[in-house]
Amino acid sequence: MVHTGTFSLETEGFCDFHDVTARVEEILRESGIVHGTLTVFTIGSTCGITTIEFESGVLNDLKRAIERIAPEDIPYDHDRRWGDGNGFSHVRAALMKPSLSIPVVDGKLLLGTWQQIVFIDFDNRKRKREIVVQVVGE
């Protein structure tokens, strides 16, 4: 059986973090699937999905690490070509990835106690984002 659900987020960009765990769990409950795999996917080339403890200290640590890896204030070929100033956000999104797969056991996501599903918008402006959740199983 396959069940697909979606939801939207209004974001601010510039490493805007959103804990989407509850919304993903809601789609899992609606699916009725008890055992299988759930995939969370973000539509867009300047955002990503990961798991992390959704706590301000570690979120700030991750934001600083991302800034060191793909700084906002260096020249990007993308910016020279398109002039939109968001080359850094494309690189960050490529490193973080647009999707995440999580096992489903006994109708629950197999996440650790302090592990939340987190959406990150890296773009340089506000956006409306679409998240797709697909559950495959029985």
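Bear in mind these aren't lab numbers, they're just calculated from the coordinates by the rules spelled out. Note that the coordinates shown come from a computational prediction; the quantities given were computed from them, not determined experimentally. With ideal geometry, Cβ positions are generated from the backbone for all residues, glycine too; neighbour counts draw on all protein chains shown.
Within the stretch 84-91, does at least one residue satisfy the condition of being under 25 Å from Gln134 (Cα atoms) and surrounded by 12 or more Cβ atoms within 10 Å (Cβ to Cβ)?
Residues of the stretch 84-91 that are under 25 Å from Gln134 (Cα atoms), as a first pass: 90.
With surrounded by 12 or more Cβ atoms within 10 Å (Cβ to Cβ) added as a condition, the list becomes 90.
Checking the stretch 84-91: at least one residue is under 25 Å from Gln134 (Cα atoms) and surrounded by 12 or more Cβ atoms within 10 Å (Cβ to Cβ).
Of the residues Ile74, Ile49, Ile27, which is more than 20 Å from Gln116 (Cβ to Cβ) and β-branched (Val, Ile, Thr)? Break it down into steps so the answer makes sense when it comes.
On the way: Ile49 fails: more than 20 Å from Gln116 (Cβ to Cβ); Ile27 fails: more than 20 Å from Gln116 (Cβ to Cβ).
After ruling out the rest, the residue left standing is Ile74.
If you take the residues in the stretch 62-111 that are among the small types (Gly, Ala, Ser) and in contact (Cβ under 8 Å) with a residue 60 or more places away in the chain, which one is nearest to Ile33 (Cα to Cα)? Spell out the reasoning first.
Taking the stretch 62-111 and keeping what is among the small types (Gly, Ala, Ser), we get 65, 70, 83, 85, 87, 89, 93-94, 99, 101, 107.
Narrowing the set further to residues that are in contact (Cβ under 8 Å) with a residue 60 or more places away in the chain leaves 89, 99, 101, 107.
Numbers: Ser89: 35, Ser99: 20, Ser101: 15, Gly107: 6 Å.
So the residue we want is Gly107.
Among (1) touching a His at 6+ places or on another chain (Cβ under 7 Å); (2) crowded, with 16+ Cβ neighbours inside 10 Å, which single condition is Val105 missing?
(2)
Among the numbered criteria (1) loosely packed, with under 13 Cβ neighbours inside 10 Å; (2) over 14 Å from Ile131 (Cβ atoms); (3) in contact (Cβ under 8 Å) with a residue 24 or more places away in the chain; (4) under 17 Å from the mean Cα position of the chain (by Cα), which single criterion is violated by Ser8?
Against the list (1) loosely packed, with under 13 Cβ neighbours inside 10 Å; (2) over 14 Å from Ile131 (Cβ atoms); (3) in contact (Cβ under 8 Å) with a residue 24 or more places away in the chain; (4) under 17 Å from the mean Cα position of the chain (by Cα), Ser8 comes up short only on (2).
Restrict the check to the stretch 51-70 and report whether at least one residue is surrounded by 12 or more Cβ atoms within 10 Å (Cβ to Cβ), within 19 Å of Phe7 (Cα to Cα) and more than 13 Å from the chain's Cα centre (by Cα).
no
Taking the options Glu30, Glu25, Glu53, name whichever one is in contact (Cβ under 8 Å) with a residue 24 or more places away in the chain and either more than 30 Å from Glu138 (Cβ to Cβ) or in contact with a strand residue (DSSP E or B) (Cβ under 6 Å, 6 or more places away or on another chain) (or both).
Result: Glu53 is the single residue among Glu30, Glu25, Glu53 that is in contact (Cβ under 8 Å) with a residue 24 or more places away in the chain and either more than 30 Å from Glu138 (Cβ to Cβ) or in contact with a strand residue (DSSP E or B) (Cβ under 6 Å, 6 or more places away or on another chain) (or both).
Do the conditions hold for Asp77, that is, is it charged (D, E, K, R) and touching a Gly at 6+ places or on another chain (Cβ under 9 Å)?
yes
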